[in-house]
Amino acid sequence: MKTINHRGFSLVELLIVVVIIGILAAIAIPNLLASRRSANEGSAVSDLRMVHGAQMTYASSLGKGLFAGNAGTVDLEPFTQLGANGIIDNQLAGGLKSGYVFTGGKVDATFDWPSSFCLRAVPVAGNGTFATGIRNIAVATDGVMYGGDATNVNNAQCTVATGSISVTSATPLS
């Protein structure tokens, strides 16, 4: 009598492998998502630093001492104007990059006040499993970067006041 030798894996062995892969994925995926949030936030900080410099360039070359944007409002216009003049890239000029929405505003110079501006980045999703960031980020004319918890939309806000626009409800980033 001939013995038939079957080669391959049994169903139990395959199930054990699938369970092991599932356990490894359950351990790795939260770390992957946290890394993604951190990378998005780092990108937003870098983009705001770059747009801060772009605002200075615009004011000294094209704006005749005034910054890009609509005076007294916080919207996408600073990014649109900077992009239209080729100072920043088109993706950032569209106001959405790396899971963050970008807005900004300015106040024009008067007899009593100099020109000023504020730029802000807010995560598309500020909480939950698939959050794109955990902090709102903002920068004003002085160049100091501020951050605030993304679960509160009012954190790291650009606020227009008499003669100026500034960052409110935030702490400086270190």
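The values are calculated or read from the model by the stated rules, or taken from the named source; none is laboratory data. Note that the coordinates shown come from a computational prediction; the quantities given were computed from them, not determined experimentally. Positions of Cβ are generated from backbone atoms using ideal geometry, with glycine treated the same way; all protein chains shown enter the neighbour counts.
Cβ-Cβ contacts under 9 Å between residues 6 or more apart (or on different chains), taken from a first residue in segment 89-112 that is on the phi < 0 side of the Ramachandran plot and of a type in the set (S, T, N, Q) to a second residue that is assigned to a strand (DSSP E or B) and surrounded by fewer than 17 Cβ atoms within 10 Å (Cβ to Cβ), are listed as T103/D75. Residue pairs whose Cβ atoms lie under 8 Å apart, separated by 6 or more positions or on different chains, with the first residue in segment 147-174 and in a loop (DSSP other than H, G, I, E, B) and the second acidic (D, E), are N155/D149; G163/D112. Of the residues making up segment 141-156, just one is of a type in the set (S, T, N, Q), modelled with pLDDT under 95 and crowded, with 21+ Cβ neighbours inside 10 Å, namely N155.
Looking across segment 121-140 at every residue that is closer than 13 Å to L48 by Cα and without any contact (Cβ under 8 Å) to a residue 60 or more places away in the chain, the one that is surrounded by the most Cβ atoms within 10 Å (Cβ to Cβ) is identified as N136.
Please enumerate the residues belonging to segment 23-34 that are among the small types (G, A, S) and surrounded by fewer than 10 Cβ atoms within 10 Å (Cβ to Cβ). Please lay out each step first, then the result.
Restricting attention to segment 23-34, the residues satisfying the condition of being among the small types (G, A, S) are 25-26, 28, 34.
Scanning segment 23-34 gives a single hit, A26.
Give the residues of segment 70-84 that are part of a loop (DSSP other than H, G, I, E, B) and modelled with pLDDT under 95, sorted by residue number. Across segment 70-84, the qualifying residues are N70, G72, T73.
Among what's in segment 97-120 and is closer than 18 Å to N40 by Cα and touching a strand residue (DSSP E or B) at 6+ places or on another chain (Cβ under 7 Å), pick the residue that is surrounded by the most Cβ atoms within 10 Å (Cβ to Cβ). My answer is L119. The single condition from (1) out of contact with any Lys or Arg (no Cβ under 6 Å at 6 or more places or on another chain); (2) at pLDDT 95 or above that L33 fails is (2).
Just to be sure before I move on: is F117 touching a Lys or Arg at 6+ places or on another chain (Cβ under 6 Å), of a type in the set (A, V, I, L, M, F, W, C) and at pLDDT 95 or above in the structure I sent? Spell out the reasoning first.
Working: touching a Lys or Arg at 6+ places or on another chain (Cβ under 6 Å): yes; of a type in the set (A, V, I, L, M, F, W, C): yes; at pLDDT 95 or above: yes.
Here the answer is yes, as F117 does meet what is asked.
Anything in segment 120-144 that is more than 16 Å from D75 (Cα to Cα) and in contact with a Phe, Trp or Tyr (Cβ under 9 Å, 6 or more places away or on another chain)? List them, or say none. Let's see the steps before the verdict.
Here is the first cut: in segment 120-144, the ones more than 16 Å from D75 (Cα to Cα) are 125-135, 141-144.
T132, G133, T141 - these are the residues of segment 120-144 that are more than 16 Å from D75 (Cα to Cα) and in contact with a Phe, Trp or Tyr (Cβ under 9 Å, 6 or more places away or on another chain).
Of all the residues in segment 85-117, those that are under 17 Å from the mean Cα position of the chain (by Cα) and either small (G, A, S) or outside any strand (DSSP E or B) (or both) number 12. Residues satisfying the criterion are present in segment 57-72 (criterion: β-branched (V, I, T) and either touching a residue at least 12 places away in the same chain (Cβ under 8 Å) or on the phi > 0 side of the Ramachandran plot (or both)).
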